[in-house]
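The values are calculated or read from the model by the stated rules, or taken from the named source; none is laboratory data. If you're wondering where the values come from, they're calculated on a predicted model, not measured in any experiment. Ideal geometry is used to build each Cβ from the backbone, glycine not excepted, and the neighbour counts take in all protein chains shown. Note: areas computed on protein heavy atoms with side chains; ligands, DNA, RNA excluded. Shrake-Rupley method; radii C 1.70, N 1.55, O 1.52, S 1.80 Å.
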Amino acid sequence: MSQYHEPTNELSEQARNFTRALNSLKEEVEAVDWYHQRVDTTNDESLKGILAHNRDEEIEHACMTIEWLRRNMPGWDEELRNWLFKEGDIAEEDDHEHEPSSRPGNGDLGIGKIK
């Protein structure tokens, strides 16, 4: 099954790169889950250490991909800055959605969200 939902010949190279990065991110996060389950269930401490090391490398790969997305794909930088490294209840930090972005060209007409 194709990873594309639109005809690839109509997609820009940039859009195809975004798809590559997003699919890689999904794969890295899935690998983190697999390794973590194995770390959690093995009784062999030596194997547990190896699997934890592998899990942590997959986390590193996922973070590197997120950083690439932050630098290259619209929306990532603003959302990561809004959500990461904050204190308090995550679910209650949703207030920024209702404030117009100060970034130029965000498409905001200044009339608020349509519900």
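Just a few scattered comments:
- Summed over region 13-43, residues that are hydroxyl-bearing (Ser, Thr, Tyr), part of a helix (DSSP H, G or I) and over 16 Å from the mean Cα position of the chain (by Cα) total 2.
To keep it simple, each residue is scored yes or no on (1) among the hydrophobic types (A, V, I, L, M, F, W, C); (2) within 16 Å of Phe18 (Cα to Cα).
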| residue | (1), (2) |
| --- | --- |
| Asp33 | no, no |
| Val39 | yes, no |
| Lys48 | no, no |
| Ala52 | yes, no |
| Asp56 | no, no |
| Trp68 | yes, yes |
| Asp77 | no, yes |
| Arg81 | no, no |
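- Residue tally, condition open to solvent by 80 Å² or more (accessible area, probe 1.4 Å) and either among the hydrophobic types (A, V, I, L, M, F, W, C) or not in a helix (DSSP H, G or I) (or both), over region 73-83: 2
Conditions tested, residue by residue: (1) within 17 Å of Arg70 (Cα to Cα); (2) of a type in the set (Val, Ile, Thr); (3) touching a residue at least 60 places away in the same chain (Cβ under 8 Å); (4) open to solvent by 40 Å² or more (accessible area, probe 1.4 Å).
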| residue | (1), (2), (3), (4) |
| --- | --- |
| Ser2 | no, no, no, yes |
| Thr8 | no, yes, no, yes |
| Gln14 | yes, no, no, yes |
| Ala21 | yes, no, no, no |
| Ser24 | yes, no, no, yes |
| Glu27 | no, no, no, yes |
| Ala31 | no, no, no, no |
| His36 | no, no, no, yes |
| Val39 | no, yes, no, no |
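- Qualifying residue in region 95-105 (condition: modelled with pLDDT of 95 or more and either assigned to a loop (DSSP other than H, G, I, E, B) or within 25 Å of Ser2 (Cα to Cα) (or both)): no
- Some residue of region 44-51 being more than 24 Å from Gln3 (Cβ to Cβ), outside any helix (DSSP H, G or I), out of contact with any Pro (no Cβ under 8 Å at 6 or more places or on another chain) and modelled with pLDDT of 95 or more: yes
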